[in-house]
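> Submitted below is the structure of interest, expressed as structure tokens.
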Amino acid sequence: MRVVGLMSGTSYDAIDAAAADLALEGDTLVLTPLGMISTVYEKGLRAELAGALPPAATDLATVCRLDTHIGQAFAEAAVRADRELCDGQADLIASHGQTVYHWAEAGRVHGTLQIGEPAWIAEATGRPVVSGFRTRDVAAGGQGAPLVSIFDVMWLRGRPGVPVALNLGGIANVTVVADGAGGGTPLAFDTGPANALIDAAVRALAEPGAPGGERTMDVDGVLAARGTVDPGLLRKLLDEPYYALPAPKTTGKELFHLPYLRAVLDTCGPLSAEDVVATLTRLTARTVADAVRPFGATEVIASGGGTRNPVLMRWLREELGGGDAGVLLRTSDELGLPSGTKEAYAFAVLGWLTAHGLPATLPSCTGARHPSVLGSLTPGAAGRSLPAPPATAPDRLVVRAVRTPR
């Protein structure tokens, strides 16, 4: 089955479309990457989305426009991915949509909202679309995140030691695959901000034309490299109560946003933009390392946009200990999955599971009462049907070498 996974993360900078050929061989799901495309949000749409996200106030008219326009943007990405990556032979589209609110209070998630109406995708492609992945897990008492944990566990199961999958998006999340070879109970949770506060600081504080490239992110870690970590600011940031909460737990930009950062900065003396960005970059490295250290991690396999920041990766390696005595830090590219699109591939797998009527959650990772079949199905064109459930559910996932589409 050829599945296109669509993903736009909490950084909401682009739509990633990754196509995979997925085949079940015994108890192993074999994923052959067919490639990926990335489509940047149109400038006006991105600005309207940014203006509607928490803690900003918005109205239902804006939500309706965003739901429609984002759905149309996802549809365009799906059409292109089907044509360019699948030779027009895609069987299924799996769309995560765009998260705009994750309703978490006092350690419990009450609701979650991803927009990008899937009917636009089904209409444009003629393919069935699985969407709305997170809500069913929340309804079952779970956090609705990190949903990629089942992908991580299937993928890393059998590796020696205690492997940890790390995603560095707007928010950082980890999946601890316990004793990878021995089959211990896995655990997954959000560690805190990855790029969320860094990006907010760059947009608000960096001077136009200053080193660092675009003013939406710290491209190549240039600003962090020019700055100095401020110990006082770092201490105040580390006092955030979220870091002490037990797992499983989840967070988002509902907490880690610009007003949150400004409130902390107001308690400190004047700092340059470079020093603030450096301190926030160290915060991400420190909180990720602090989160995985208690589990005796032997390797951390990173993916997401943060892997393109060499300063963040260097400092994370330092915080993890590095060298023979520390925790090995590598990227998912080394295991055959491009680090920038691993989540899109993961949602392609979640879509495959849903299409086959199979649960796609691990209660130990999301905190749900039971595993759930995720998402809602929007039918494609007439005559397109979903496969029957397999006799054996997959227990492992193997990534085969990337092949060039025919």
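> Determine, yes or no, whether Glu84 is out of contact with any Pro (no Cβ under 9 Å at 6 or more places or on another chain), assigned to a helix (DSSP H, G or I) and not aliphatic (A, V, I, L, M).
Details: out of contact with any Pro (no Cβ under 9 Å at 6 or more places or on another chain): no; assigned to a helix (DSSP H, G or I): yes; not aliphatic (A, V, I, L, M): yes.
It is false that Glu84 is out of contact with any Pro (no Cβ under 9 Å at 6 or more places or on another chain), assigned to a helix (DSSP H, G or I) and not aliphatic (A, V, I, L, M).
> Considering region 359-375 alone, what residues qualify as being in a loop (DSSP other than H, G, I, E, B), hydrophobic (A, V, I, L, M, F, W, C) and over 17 Å from Ser95 (Cα atoms)?
Selection gives Leu362, Ala368.
> Let me ask something else about it. So which of Ala73, Ala50, Ala56, Ala18 is crowded, with 18+ Cβ neighbours inside 10 Å, aliphatic (A, V, I, L, M) and under 24 Å from Thr250 (Cβ atoms)?
Ala18
> On to the next question. Within 21 Å of Asp16 (Cβ to Cβ) and open to solvent by 20 Å² or more (accessible area, probe 1.4 Å): is that true of Leu335 in this structure?
Here the answer is yes, as Leu335 does meet what is asked.
> Okay, next question. How many residues does region 131-156 hold that are of a type in the set (Val, Ile, Thr) and farther than 27 Å from Gly380 by Cβ?
The number of residues fulfilling the criteria is 1.
> Follow-up. Tell me yes or no: at least one residue of region 200-207 is touching a Lys or Arg at 6+ places or on another chain (Cβ under 9 Å) and assigned to a loop (DSSP other than H, G, I, E, B).
Yes, there is a match, as at least one residue in region 200-207 is touching a Lys or Arg at 6+ places or on another chain (Cβ under 9 Å) and assigned to a loop (DSSP other than H, G, I, E, B).
> In region 119-137, which residues are open to solvent by 20 Å² or more (accessible area, probe 1.4 Å) and under 25 Å from Leu362 (Cβ atoms)?
Answer for region 119-137, where residues must be open to solvent by 20 Å² or more (accessible area, probe 1.4 Å) and under 25 Å from Leu362 (Cβ atoms): Gly132, Arg134, Thr135, Arg136.
> Also, I was wondering about something else. Quick one: would you say Tyr243 is over 20 Å from the mean Cα position of the chain (by Cα), closer than 22 Å to Arg108 by Cα and part of a helix (DSSP H, G or I)? Talk me through it step by step, then tell me what you get.
On the way: over 20 Å from the mean Cα position of the chain (by Cα): no; closer than 22 Å to Arg108 by Cα: yes; part of a helix (DSSP H, G or I): yes.
No; evaluated as a whole, the condition is false for this residue.
> Now, a different point. Being under 21 Å from the mean Cα position of the chain (by Cα), surrounded by fewer than 16 Cβ atoms within 10 Å (Cβ to Cβ) and assigned to a loop (DSSP other than H, G, I, E, B) is the filter here, so list the residues in region 96-118 that pass it.
If the condition is that a residue be under 21 Å from the mean Cα position of the chain (by Cα), surrounded by fewer than 16 Cβ atoms within 10 Å (Cβ to Cβ) and assigned to a loop (DSSP other than H, G, I, E, B), then Gly107 is the only one that fits.
> So, one more: Go through region 120-139 and give me each residue that's closer than 15 Å to Arg384 by Cβ and either hydrophobic (A, V, I, L, M, F, W, C) or part of a helix (DSSP H, G or I) (or both).
Ile121, Ala122, Glu123, Ala124, Thr125, Val129, Val130
> Only one residue in Gly326, Gly305 is among the small types (Gly, Ala, Ser) and touching a residue at least 12 places away in the same chain (Cβ under 8 Å), so which one is that?
Only one candidate qualifies: Gly305.
Every residue, every condition in (1) over 19 Å from the mean Cα position of the chain (by Cα); (2) crowded, with 17+ Cβ neighbours inside 10 Å; (3) outside any helix (DSSP H, G or I), yes or no:
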residue	(1), (2), (3)
Phe256	no, yes, yes
Leu261	yes, yes, no
Glu274	yes, yes, no
Asp290	yes, no, no
Ile301	no, yes, yes
Gly306	no, yes, no
Val311	yes, yes, no
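> Given (1) open to solvent by 40 Å² or more (accessible area, probe 1.4 Å); (2) within 27 Å of Leu156 (Cα to Cα); (3) not aromatic (Phe, Trp, Tyr), where does Pro270 come up short, assuming only one miss?
All conditions pass for Pro270, except number (2).
> Answer with yes or no whether Thr251 is open to solvent by less than 40 Å² (accessible area, probe 1.4 Å), touching a helix residue (DSSP H, G or I) at 6+ places or on another chain (Cβ under 7 Å), assigned to a helix (DSSP H, G or I) and not aliphatic (A, V, I, L, M).
no
> While we're on this one: Identify, please: which residue in region 376-394 is outside any strand (DSSP E or B) and surrounded by 13 or more Cβ atoms within 10 Å (Cβ to Cβ) and is, among those, modelled with the lowest pLDDT?
Arg384
The values are calculated or read from the model by the stated rules, or taken from the named source; none is laboratory data. From a predicted model like this one, the values you see are computed outputs, not experimental measurements. Here Cβ is always computed from backbone atoms with ideal geometry, including for glycine, and neighbour counts include all displayed protein chains. Protein only, heavy atoms only, side chains kept; ligands, DNA and RNA dropped before computing areas. Shrake-Rupley method; radii C 1.70, N 1.55, O 1.52, S 1.80 Å.
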